[in-house]
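Everything below concerns the one structure shown next.
The values are calculated or read from the model by the stated rules, or taken from the named source; none is laboratory data. The model shown is predicted, which means the values in this text are computed figures rather than measured ones. Ideal geometry is used to build each Cβ from the backbone, glycine not excepted, and the neighbour counts take in all protein chains shown.
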Amino acid sequence: MKYTLGSFIVLALMLVISGCSSKGGSMDSGAGIEDKGTGADGGAVTSGAAGGSDYSSYSLTDPNSPLSRRVIYFEYDSAEITDSDQELLVMHASYLVGNPDQSITLEGHTDERGSREYNIALGDRRALSVQRIMELNGVAAEQITIVSYGEEKAAAEGHSDAAWRLNRRVELVY
């Protein structure tokens with residue numbers, strides 16, 4: 001059999017296209033969501049509330065409960081969430097998924113540096129980063145409210161790195 005260059009190229013393209021097609025099989029249900037995005041929206045890495053421990057029966061008032069920790073801190077001029085805080089948010093998401101009648105308000109805050117408008121926007125981006133992780137872990141959008149206070153509700157007064165560090169936060173308010 002004699003093959004021309006043209007028929008060889010056509011055959012090669014057919015093989016490439018068929019190799020790229022879906023083979024059916026099972027689709028990922030999203031229980032093990034992993035999003036390694038980075039950037040201003042605070043890329044999230046999550047394991048999915050459905051795939052982790054069930055925190056739905058934990059008490060919000062017990063100081064020994066992991067859910068008693070309700071503040072997420074941020075670096076200067078950043079909305080990126082640390083790995084340890086992502087784990088905490090997965091716990092809170094698990095609680096909210098198991099308690100669909102419960103709602104949460106995410107309050108974004110900043111330190112005093114920057115204009116009022118910039119700080120309101122940064123506080124909003126921080127709260128949106130937290131919301132994104134919670135929704136990726138199954139929390140219904142209707143359970144979450146976001147508000148940004150910018151620099152208006154300082155947790156610590158002063159003009160030092162220590163005070164600024166405490167003011168760069170999102171508070172989880174049930």
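In table form, for the structure just shown:
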| quantity | calculated |
| --- | --- |
| Meets criteria (touching a Ser or Thr at 6+ places or on another chain (Cβ under 6 Å), more than 17 Å from residue 154 (Cβ to Cβ), modelled with pLDDT of 95 or more and part of a helix (DSSP H, G or I)) for residue 81 | no |
| Selection count where residues are outside any strand (DSSP E or B), within 13 Å of the chain's Cα centre (by Cα) and within 14 Å of residue 70 (Cβ to Cβ), scope the range 91-125 | 3 |
| The range 125-142 residues that are of a type in the set (Gly, Ala, Ser), paired with ones that are in a helix (DSSP H, G or I) (beta carbon under 7 Å, 6 or more apart) | 138/49; 138/50; 138/93; 138/97; 141/135 |
| Condition check for residue 129: assigned to a helix (DSSP H, G or I), at pLDDT 95 or above, of a type outside the set (Asp, Glu) and buried (at least 17 other Cβ atoms within 10 Å of the Cβ) | yes |
| Of all residues making up the range 104-122, the number that are touching a strand residue (DSSP E or B) at 6+ places or on another chain (Cβ under 7 Å) and of a type in the set (Ser, Thr, Tyr) | 2 |
| Test: residue in the range 46-61 that is surrounded by 14 or more Cβ atoms within 10 Å (Cβ to Cβ), out of contact with any helix residue (DSSP H, G or I) (no Cβ under 9 Å at 6 or more places or on another chain), at pLDDT below 95 and farther than 24 Å from residue 148 by Cβ | yes |
| Selection from the range 134-174 of residues that are acidic (Asp, Glu) and more than 30 Å from residue 98 (Cβ to Cβ) | 151, 152, 157, 161 |
| First in the range 72-99 and within 19 Å of residue 173 (Cβ to Cβ), second anywhere and outside any loop (DSSP other than H, G, I, E, B) and among the polar types (S, T, N, Q), Cβ under 8 Å, 6 or more apart | 79/129; 81/129; 96/143 |
| Residue count, the range 148-168 (criterion: touching a residue at least 40 places away in the same chain (Cβ under 8 Å) and part of a helix (DSSP H, G or I)) | 5 |
